[in-house]
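Undergrad: I'd like to ask some things about the structure below.
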Amino acid sequence: MFGVPVHLNVSMLLLTLLVTVSYAEFARRQLDLPQLGGYLIGAGFVVSLLGSVLLHELGHALTARRHGIGVRGITLELLGGYTEMESDAPTPRVELQVSLAGPAVSAVLGVLAVGATLALPDRTLAHQLALQLALSNVIVALFNLLPGLPLDGGRALRALVWGISQDRHRGTEVAGWAGRAVAVGTAALAVALTVERVLIPLALPLFLLVAVTMWRGAGQSIRYARISRRFPLVDLRRLARPIVAVPAGTPLAEAQRRGAGQGPPDAAVTVVDGAGRPVALVDPVRAERVPAERRPWVAVDTVARPLSELPTLAVELDGERVVEAVQTHPGAQYVVTAGEDVVGVLHIGDLAQVLEPTRKLNK
């Protein structure tokens, strides 16, 4: 829609089932409909909810594009939806505008639907459809304005703290901890409403799943804020392991001996062709699986991967660009290049130790 790819996650089937069953009985009693009619109204509520979420996310996407932020797509799933953007907002003001655009769309639709609900005759199908639209948009707007990540209100809180402190990372941490508080409050409210029989028991697992997802999302935001503070420490010239070259066909035992004797203990072993050009990189995990007694008889080529199959990183990339590249192309090893020359190999464990030194990581 408007050039933005829209994806429907398979988990939407579960949401459709839960909402249809939950809402059908209520609608059937209100309109004195047969059971099938109640389920049709319940399914209509699902469509209203999905449409409301889609328009909400389009508010984010189109506002982001207006500020020059690329949008990869919108995904609708069990817990609502999200918009994936190619980069973060460049300023607190843009962050605030993008974060509030979605709730603003939902609020406008909600006000219009509430007006229609009040104008239409009570206990009619048209009144019920208008009520569905009103409920969908008001719920989406109010819930997303709660001040905690990963909700829109949390992004707005991050923008405000960022603008006051001039520290985006601090804003993310504050909004992340607020998000955890909102998650706990959501779970407690859902349990209380179920005990008071305001919510049907079938809805409780959905609300608890929302709370758990919010807790995890808030935790990821806090973790990312702490990691991004350390981006300036990422220097590929220092982190990349030096390389030791051996000719193709060299026995694995000899290649390992040369690597240990000619380079640092953490040097990477590359296989070179007849012209001395590196063509493959020894995979340390595959090499370690070869029994020691067989290594003199196994060619190093058999435990090496062609460099063309490995992701590459330009040596001049800064920390943020390195992390973006690693997230886009996950792997254990990355070839570090300067122009057409291979200058080293980055192991993902080495990068992780710089970004999260307190975590126990295996190289």
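Undergrad: So which of Ala304, Ala260, Ala268 ends up being surrounded by fewer than 17 Cβ atoms within 10 Å (Cβ to Cβ) and either over 30 Å from Asp167 (Cα atoms) or aromatic (Phe, Trp, Tyr) (or both)?
TA: Details: Ala304 fails: surrounded by fewer than 17 Cβ atoms within 10 Å (Cβ to Cβ); Ala268 fails: surrounded by fewer than 17 Cβ atoms within 10 Å (Cβ to Cβ).
Step by step, each of Ala304, Ala260, Ala268 is checked, and only Ala260 is surrounded by fewer than 17 Cβ atoms within 10 Å (Cβ to Cβ) and either over 30 Å from Asp167 (Cα atoms) or aromatic (Phe, Trp, Tyr) (or both).
Undergrad: So, one more: With respect to Asp301, determine if the residue is acidic (Asp, Glu), more than 19 Å from Arg258 (Cβ to Cβ) and touching a residue at least 40 places away in the same chain (Cβ under 8 Å).
TA: It is false that Asp301 is acidic (Asp, Glu), more than 19 Å from Arg258 (Cβ to Cβ) and touching a residue at least 40 places away in the same chain (Cβ under 8 Å).
Undergrad: Still on this structure, I have one more. Does Val21 count as in contact (Cβ under 8 Å) with a residue 24 or more places away in the chain and within 30 Å of Leu96 (Cα to Cα)?
TA: The answer is no for Val21.
Undergrad: Here's something else I'd like to know. Residue under question is Val290, and the condition is that it be within 14 Å of Val345 (Cα to Cα) and surrounded by 11 or more Cβ atoms within 10 Å (Cβ to Cβ); does it hold?
TA: Against the criterion (within 14 Å of Val345 (Cα to Cα) and surrounded by 11 or more Cβ atoms within 10 Å (Cβ to Cβ)), Val290 does not qualify.
Undergrad: Taking into account only those residues within the stretch 38-59 that are in contact with an Asp or Glu (Cβ under 9 Å, 6 or more places away or on another chain) and either among the basic types (Lys, Arg) or farther than 22 Å from Tyr82 by Cα (or both), which is modelled with the highest pLDDT? If you could, list the steps in order and put the result at the bottom.
TA: First pass over the stretch 38-59, keeping only residues in contact with an Asp or Glu (Cβ under 9 Å, 6 or more places away or on another chain): 38, 42, 56.
Right, trim to either among the basic types (Lys, Arg) or farther than 22 Å from Tyr82 by Cα (or both) and you get 38, 42.
Numbers: Gly38: 74, Gly42: 79.
Ranking the qualifying residues of the stretch 38-59, first place goes to Gly42.
Undergrad: So in the stretch 60-96, with the set limited to residues that are more than 19 Å from the chain's Cα centre (by Cα) and surrounded by 17 or more Cβ atoms within 10 Å (Cβ to Cβ), which one is nearest to Ser165 (Cα to Cα)?
TA: Of everything passing the filter in the stretch 60-96, Pro92 is nearest to Ser165 (Cα to Cα).
Undergrad: I'd like to know if the stretch 226-243 contains one or more residues that are more than 32 Å from the chain's Cα centre (by Cα), crowded, with 19+ Cβ neighbours inside 10 Å, part of a helix (DSSP H, G or I) and not assigned by TED's automatic domain parsing to the domain that holds Tyr82.
TA: Looking for residues that are more than 32 Å from the chain's Cα centre (by Cα), crowded, with 19+ Cβ neighbours inside 10 Å, part of a helix (DSSP H, G or I) and not assigned by TED's automatic domain parsing to the domain that holds Tyr82, one finds none in the stretch 226-243, hence no.
Undergrad: Taking Ala156 as the residue in question, decide whether it is modelled with pLDDT of 95 or more, in the same structural domain as Tyr23 (by TED's automatic domain parsing), aliphatic (A, V, I, L, M) and more than 26 Å from Ile227 (Cα to Cα).
TA: Values: modelled with pLDDT of 95 or more: yes; in the same structural domain as Tyr23 (by TED's automatic domain parsing): yes; aliphatic (A, V, I, L, M): yes; more than 26 Å from Ile227 (Cα to Cα): no.
Against the criterion (modelled with pLDDT of 95 or more, in the same structural domain as Tyr23 (by TED's automatic domain parsing), aliphatic (A, V, I, L, M) and more than 26 Å from Ile227 (Cα to Cα)), Ala156 does not qualify.
Undergrad: While we're on this one: Please tell me if Ala203 is within 28 Å of Ala104 (Cβ to Cβ) and touching a residue at least 12 places away in the same chain (Cβ under 8 Å).
TA: When the stated conditions are applied, Ala203 passes them.
Undergrad: Turning to a different aspect of this structure: Of everything in the stretch 88-122, what is in contact with an Asp or Glu (Cβ under 6 Å, 6 or more places away or on another chain) and under 14 Å from Gly153 (Cα atoms)? Give them in sequence order. Before the answer, list the steps.
TA: Narrowing the stretch 88-122 to residues in contact with an Asp or Glu (Cβ under 6 Å, 6 or more places away or on another chain): 89, 99, 102-103.
Listed by number, the residues that qualify are Ser99, Gly102, Pro103.
Undergrad: Pull up the stretch 126-150, narrow it to residues that are in a helix (DSSP H, G or I) and in contact with a strand residue (DSSP E or B) (Cβ under 9 Å, 6 or more places away or on another chain), then point me to the one that is modelled with the lowest pLDDT.
TA: Going through the qualifying residues, I end up with Val140.
Undergrad: I would also like to ask the following. Helices (runs of 4 or more DSSP H) wholly in the stretch 252-363 with at least 2 residues that are of a type in the set (Gly, Ala, Ser) - which ones?
TA: Values: elements: 252-262, 284-289, 319-328, 348-355.
By residue number, 252-262, 319-328, 348-355.
Undergrad: Only one residue in Ala218, Ala255, Ala248 is loosely packed, with under 15 Cβ neighbours inside 10 Å and touching a helix residue (DSSP H, G or I) at 6+ places or on another chain (Cβ under 6 Å), so which one is that?
TA: Ala248
Undergrad: Here's another thing I want to ask about it. Between a first residue in the stretch 70-88 that is under 29 Å from Val19 (Cα atoms) and touching a residue at least 24 places away in the same chain (Cβ under 8 Å) and a second residue that is aromatic (Phe, Trp, Tyr) and surrounded by 14 or more Cβ atoms within 10 Å (Cβ to Cβ), which pairs have beta carbons less than 7 Å apart while being 6 or more apart in sequence or on different chains?
TA: Listed by first residue and then by second, the contacts come to Thr75/Tyr82.
The values are calculated or read from the model by the stated rules, or taken from the named source; none is laboratory data. Keep in mind the model is a prediction, meaning the values are calculated, not measured. Heads up, the Cβs are rebuilt from the backbone with ideal geometry, glycines too, and the neighbour counts pull from every protein chain shown.
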